[in-house]
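Q: Let me give you the structure first, and then I'll get to my questions.
The values are calculated or read from the model by the stated rules, or taken from the named source; none is laboratory data. From a predicted model like this one, the values you see are computed outputs, not experimental measurements. Virtual Cβ from ideal backbone geometry, glycine too; neighbours counted across all protein chains shown.
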Amino acid sequence: MEKEFLEEPQDIEDIDLLEEVKTNNIVILANHLVKDYEIGEFIVRAVDDVSLRIKESDFVIIKGPSGAGKTTLLNLIGGLDSPNGGVIYSNGVKITNLQEESLATFRLINVGFIFQNYNLISTLTAEENVMFPMKLAGLNLKEQREKAVSLLKQVGLGERREHLPFQLSAGEQQRVAIARALANDPEIILADEPTANLDKKTSLFIRDLFNDMKKDNKTIVIATHDDFLIELANRIISFEDGKIIKDE
C-alpha cells in the first residue's frame, strides 16, 4: 500500500530523512513542524518547530495543558491537517507531499483515528459505522459485515450492533469508535483524549482495549491526562505552548 505513494527524494534532506526512517524502523517522523492559525487579526502558533521520531510498536503518550497544541500535533502526524512548515513521514511515506485524494487513501489504510467525541455517523448503526471504512477500502459486503461483527464482539458490543449512536452510552459509542479505528487493520493508532468523557469503570475497559492493541504491536500515540492510559506507555512526551518540553 505504501509503495504506490512513494516519490523519489527531491533533495539531500529528503534522502537523509528517508534513510533515517528505513534504518531505524521509524513509523512516524516529524521534522521541524510548524502550524499557525489566523484568529482575527492575530496569528497563533499551535505547533512550534516540533521534531519527533516514533518507532514501530511504540506506545506514546502526549500530555500537557488544554490549548497546548496536542490535538493539532496529532492531526498533523495523522494527515488530517497540513503544516505551514516542516516534513512528515508516516509509514515510509512523505505525506506532506501527497495530494488530498492520495492522502485520504493513505489515512484510510494506514491510520486509525479515535476522537474524544467519537465522531460516529448518527444515521448508521454501530455495525454500519464499523463497516464504513471497510466499504471505502473496497472490501466486499460479506467481508465488511463479518469483520464488523467480530470487532464489535471484541469491544464487548456484539449484542448492540444494530443500535444507532443515540441509543448507546458514551462508553459504548467510544467502543464502537475503537472498533471502527481497527476496521482496516492500520499500523498506526492515533487517539485524542479517548477517555475524557467516560467514567472510571469504562475508562479501565478502554485501557484494556489499548493494551490489546499494544500486544498486537500497533504503533499508538495518545493525547491524554488519564493515568490509566499513561501507565501503558513506554514513552511520555510533555507538550506545552506548541513545543515538546520533555520526552522521557
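Q: Look at the stretch 134-157 and say how many of its residues are assigned to a helix (DSSP H, G or I), among the small types (Gly, Ala, Ser) and either surrounded by 14 or more Cβ atoms within 10 Å (Cβ to Cβ) or touching a residue at least 40 places away in the same chain (Cβ under 8 Å) (or both).
A: Just the residues of the stretch 134-157 that are assigned to a helix (DSSP H, G or I), to begin with: 134-137, 141-154.
Restricting the remaining residues to those that are among the small types (Gly, Ala, Ser) gives 137, 148, 150.
Subset that is either surrounded by 14 or more Cβ atoms within 10 Å (Cβ to Cβ) or touching a residue at least 40 places away in the same chain (Cβ under 8 Å) (or both): 137, 148.
Looking only at that region, the number is 2.
Q: If you don't mind, there's one more thing I want to ask. Mind listing whichever residues of the stretch 73-106 are within 11 Å of LEU33 (Cβ to Cβ), in contact with a Gly (Cβ under 8 Å, 6 or more places away or on another chain) and not hydrophobic (A, V, I, L, M, F, W, C)?
A: Correct list: THR96 only.
Q: Taking LEU204 as the residue in question, decide whether it is more than 15 Å from the chain's Cα centre (by Cα) and in a loop (DSSP other than H, G, I, E, B). Spell out the reasoning first.
A: Values: more than 15 Å from the chain's Cα centre (by Cα): yes; in a loop (DSSP other than H, G, I, E, B): no.
Against the criterion (more than 15 Å from the chain's Cα centre (by Cα) and in a loop (DSSP other than H, G, I, E, B)), LEU204 does not qualify.
Q: Same structure, new question: Among ASP49, ASP14, ASP58, which is the only one that is farther than 19 Å from LEU190 by Cα, among the charged types (D, E, K, R) and at pLDDT 95 or above?
A: Working: ASP14 fails: at pLDDT 95 or above; ASP58 fails: farther than 19 Å from LEU190 by Cα.
Every option except ASP49 fails the conditions.
Q: Right, here's the next one. Please verify whether the stretch 207-225 includes one or more residues that are in contact with a Pro (Cβ under 6 Å, 6 or more places away or on another chain) and more than 21 Å from LYS55 (Cβ to Cβ). Talk me through it step by step, then tell me what you get.
A: Here is the first cut: in the stretch 207-225, the ones in contact with a Pro (Cβ under 6 Å, 6 or more places away or on another chain) are none.
No; the residues of the stretch 207-225 include none that is in contact with a Pro (Cβ under 6 Å, 6 or more places away or on another chain) and more than 21 Å from LYS55 (Cβ to Cβ).
Q: Out of the residues in the stretch 116-130 meeting the condition of being in a helix (DSSP H, G or I) and over 18 Å from the mean Cα position of the chain (by Cα), tell me which one is nearest to LEU168 (Cα to Cα).
A: Taking the stretch 116-130 and keeping what is in a helix (DSSP H, G or I), we get 126-130.
Restricting the remaining residues to those that are over 18 Å from the mean Cα position of the chain (by Cα) gives 126-128.
Working: ALA126: 9, GLU127: 12, GLU128: 14 Å.
Filtering the stretch 116-130 for residues that are in a helix (DSSP H, G or I) and over 18 Å from the mean Cα position of the chain (by Cα), the one nearest to LEU168 (Cα to Cα) comes out as ALA126.
Q: Pairs under 6 Å by beta carbon, first residue assigned to a loop (DSSP other than H, G, I, E, B) in the stretch 58-82, partner aliphatic (A, V, I, L, M) and surrounded by fewer than 21 Cβ atoms within 10 Å (Cβ to Cβ), six or more apart or different chains?
A: GLY79/LEU103
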